[in-house]
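To keep things clear, I will list the structure first and then write my remarks on it.
The values are calculated or read from the model by the stated rules, or taken from the named source; none is laboratory data. Quantities reported herein were computed from a predicted structural model and do not represent experimental measurements. Glycine gets a Cβ as well: all are built from the backbone with ideal geometry, and neighbour counts include every protein chain shown.
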Amino acid sequence: MNDFSFDQLIHFALRRRVIMTEVAAAIMAVVAIATFVWPPTYKSSAKILIQDNRAQLLVSPALENNSPNQPAVVANTVTEEELNSERELISSDYLVEEALEGLPQPRAGAGGMAVNAVEWLLDLPNRLYRMFHGAAPESPREQWAHRIERHFSSYVIKRSNVIEISFTAHDPRWAHEFLERLIDKYQEFHSSMSHDPQAEKFFQKQAAILQDRLRAAEDQLRAYEVQTGISNPSAQKQALIMRISQLQNDSAKAAADLAAAQRRVAVLQQQVASTPKRVGKEIKIVQNMALQQLKPQVLQLEAERAELLTRYQPDSERMKEIDARLAAAHKILDHENQTEVQEQSTDLNPVWLQLDTELEQATALAASLQATQSAQRQEIEKAQDQVKVLLNASVENDRLQRVVDTEKQAYMSYLRRGEEARAAGALNRSRILNVSIAEPPNHPAVPSYPIVPLNLGVGVLLAIGCAVAVAYLEELLDPRIYSPATVTAVSGLKTIAQLRELSQE
């Protein structure tokens, strides 16, 4: 049976048509019966989205605004390890058994009973192995869970954070209900696993302790600042340095002004010494002052004489006395009229006066500048001493400030952790997790298995293949010769001609 030609294949099929038909019919019957007798299997599926931030708006004290440096929502990339961990978690025996708790078993029809019998037979070797080695027998619930796990599948969709889970069963409602219970138990387990109720109390207790330590450190720093007057060493040191620089500049300017003022004083002193203090103003001749005093007396005596003439004789003693006095007064007047008084007046030199005034002003300015320079030097020395004190005190101030900053960071860290633990507990109670149901379990309406056209098509191909194989095996086992090729193979002789069998009429 080597090198079949097309005609030989036709003859082969015709010779073995009976066995081929019987085998093909038997296989098609088995496939058809199995297809129509096998109970329909329904597949319920769901999709779970895994997120790292579990959709939480952080309310930590440090996150006061939404900026690129301090985002209000923290989101990180979900790693492949995390996705695989979640997939293994949702398909664990514990969650399957928890989902089956209180869930009635699906009603099994005739086909379902047959399937269960087949599964029991397939599992029989495992039972015998466990019995042989003395392993503890599984409980009915564990056996049921293991049977359920065979029909449960989960996988991560490529290039996504989505896990798709599916479960197949002969009852579509039961498949949907089981998948819903499994997802619900998975969320409950995830909630309890991601939150420790004692964590919030621990962080709050530690935050209270650190708050007391922070207050003590702040009180110590405040007392030191009140004692030394140093609240901001850097700013105060910078202000003192700027003040010293300004005072030094003012002192240098005052020194230059003082030198100029002293030089001006020396020059003015020389000019004052070489300038006369007084200068002549005018010369005039004035009347004698004694004559001015005698004239009223003479006039008074003449008035008395005229009055006495009305009462006395010209030759009386009284009149003689008045006449003698008048004669003496006239004699003095005649003598004084011949005498002239020459007066000469002088005044202060205005040049000397101006120079003396400028000298006094320059001397006062020099004294003022000298006093100002002395005061500035004292201020510079005082500021330099303050800088030294500030440098020595700033070391202790910085140490106390570091203690306050360290205590504050520790307090804020535990306060933030406590707030996040409280928020995590609230999120867990509200079932807001980092896993969310992207697509809830569907209600399968069309069975996923069996697919009748596909099964029948596969049955046809299988029937043809098996029929040809059986016919070929029978052809090999048949000792009769049906073709020239067989003659050549058996005798080694070439076939010259082939006679057809003539039908007898």
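Taking residue 337 as the residue in question, decide whether it is at pLDDT below 80 and surrounded by 12 or more Cβ atoms within 10 Å (Cβ to Cβ). Considered against the rule, which asks whether it is at pLDDT below 80 and surrounded by 12 or more Cβ atoms within 10 Å (Cβ to Cβ), residue 337 comes out as no.
For the range 362-380, filtering for residues that are touching a residue at least 40 places away in the same chain (Cβ under 8 Å) and closer than 21 Å to residue 240 by Cβ leaves 6. Scanning the range 431-440 turns up no residue that is in a helix (DSSP H, G or I) and farther than 30 Å from residue 207 by Cα. Tallying residues that are surrounded by 14 or more Cβ atoms within 10 Å (Cβ to Cβ) and out of contact with any Ser or Thr (no Cβ under 9 Å at 6 or more places or on another chain) within the range 215-238 yields 4. Listed by first and then second residue, the pairs linking a residue in the range 455-478 that is more than 12 Å from residue 27 (Cα to Cα) and touching a residue at least 40 places away in the same chain (Cβ under 8 Å) to a residue that is in a helix (DSSP H, G or I) and not β-branched (Val, Ile, Thr), with Cβ atoms under 6 Å apart and 6 or more places separating them unless they lie on different chains, are 471/20.
Scanning the range 470-487 for residues that are of a type in the set (Gly, Ala, Ser) and either modelled with pLDDT under 75 or assigned to a loop (DSSP other than H, G, I, E, B) (or both) yields a count of 2.
Any residue at all in the range 174-190 that is part of a helix (DSSP H, G or I), modelled with pLDDT under 90, in contact with an Asp or Glu (Cβ under 9 Å, 6 or more places away or on another chain) and closer than 30 Å to residue 399 by Cα? No - not one qualifying residue is present in the range 174-190.
Consider the range 279-315 and keep the residues that are at pLDDT 75 or above and of a type in the set (Gly, Ala, Ser). The one that is farthest from residue 349 (Cα to Cα) is 306.
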